[in-house]
1. Can you compute the radius of gyration and Dmax for region 1-79, using only the Cα atoms, both in Å?
2. Would you work out which of 79, 53, 7 lies farthest towards the positive end of the dipole of the chain? Charges go on Cβ: Lys and Arg +1, Asp and Glu -1.
3. Report, to the nearest whole %, how much of the accessible area of the chain belongs to carbon and sulfur atoms, 1.4 Å probe, protein only.
4. Counting alpha carbon pairs within less than 8 Å and at least 6 residues apart, what relative contact order, in whole percent, applies to region 35-87?
5. Let me have the relative contact order for the chain, percent, based on Cα pairs under 8 Å that are six or more residues apart.
6. Calculated FRET efficiency, residue 9 and residue 63, Cβ-Cβ r, R0 35 Å, to nearest 0.05?
7. To the nearest 10 degrees, how steeply does helix 3-36 sit against the main Cα axis of the chain, on a 0 to 90 scale?
8. Does anyone have the angle between helix 64-74 and the longest principal axis of the chain? Alpha-carbon axes, 0 to 90°, nearest 10?
Amino acid sequence: MSSTNLIDTERAALDRAAQRQTTSALAEMLAEADRLGLPPLTWTISSGLSRALAGRVPDVDPAPHATLRAWAAFCDLGMPKQHRAVGHCPHDEEVVISVEYEPEIQDPPQR
């Protein structure tokens, strides 16, 4: 095996390990959120060593800003800035977490 392939293999192993650790932190967080009755989010786990989680309020949520505020409070992310809150996962300080929602785009007023 060439040194490039060995480096790629080692990097891939580190990436997979980081994803497993991040997934574990997400699982712990979701179990606690379930006990508290928080609304579900759609989650994305980053690839690589960045160890990040992105939670998105589903488009069908009837109160997206309230859901964002509830998750921001649960994760101790502070007050959301507009439609997004960012901080560290309460179950693993090495994991960066963001929670956001996409505001509805209003049609321009008719003349």
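1. 16.6, 55
2. Looking along the dipole axis, the top candidate is 79.
3. Its accessible area is 54 percent carbon and sulfur atoms.
4. 23
5. Computed value for the chain: 23 percent relative contact order.
6. Efficiency for this residue pair is about 0.15.
7. Helix 3-36 sits roughly 40 degrees off the main axis of the chain.
8. Computed tilt is about 50 degrees.
The values are calculated or read from the model by the stated rules, or taken from the named source; none is laboratory data. Source: prediction; values computed, not measured. No Cβ is skipped: glycine too gets one built from the backbone with ideal geometry, and neighbour counts run over all protein chains shown. Areas reflect the complete protein model, heavy atoms only, side chains present, ligands, DNA and RNA absent. Shrake-Rupley method; radii C 1.70, N 1.55, O 1.52, S 1.80 Å.
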